[in-house]
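Novice: Take this structure, written in structure tokens, and hold onto it; I'll ask about it next.
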Amino acid sequence: MNQFITAVLTSLSTGAIYALMSIALVLVWRSTRVINFAQAGQAIFTTYIGYEVTIRSGSYWVGLISAILSGALLGAGIDRFFMRPIFKRVTSGPIVMIAPVVATLALLGIIQAIIGFTWGLNYQTIQAPVSTDGLKIFGSIVAFS
């Protein structure tokens, strides 16, 4: 029973992350008609910013808020200084649909390179903001990890 509950809770949290990323992809597609391949890179980049703030400040919650704010600023900056100039320069022909997609692929490569140079290629971990002992559900302890 313990394994089942752990699997259900892990699946729910993983599914929630996939759902949020999917909703974000759909929102970008519906508003711009561009598939943003750099979106996962943007999410990882802002996660690393949150990681860095958490390590330097010692507060998980300050890191979380900084990750959210940096995500909003990064998205606005990419739209304003990267995507809008592309849409202004490319106005006709088949390149109208291809140029923004290729640009997002290039942006993904740039973001990955920045992450690699700044934080390295190894996984980084953040201490949990709550106890990792687990939660007692139906008489069994479900681990948070």
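Novice: Could you give the DSSP H helices of the chain that reach 15 angstrom or more along their long axis (alpha carbon positions) and whose average Kyte-Doolittle hydropathy is no lower than 1.6?
Specialist: Going by DSSP H runs, the hits are 60-78, 95-119.
Novice: What is the magnitude of the charge dipole of the chain about its Cα centre, with +1 placed on the Cβ of each Lys and Arg, -1 on the Cβ of each Asp and Glu, and no other charges, expressed in debye to the nearest 20?
Specialist: Using Cβ point charges on Lys, Arg, Asp and Glu, the chain gives about 520 debye.
Novice: Select from VAL101, ILE68, ILE44 the residue farthest towards the positive end of the dipole of region 32-145; place +1 on Cβ of Lys and Arg, -1 on Cβ of Asp and Glu, and compute about the Cα centre.
Specialist: VAL101
None of the figures in this text is laboratory data; all of them are computed from the coordinates on show. This structure is a prediction, so every number in the text was calculated from the model and none was measured. Note that each Cβ is placed from the backbone with ideal geometry, even for glycine, and that neighbours are counted across all protein chains shown.
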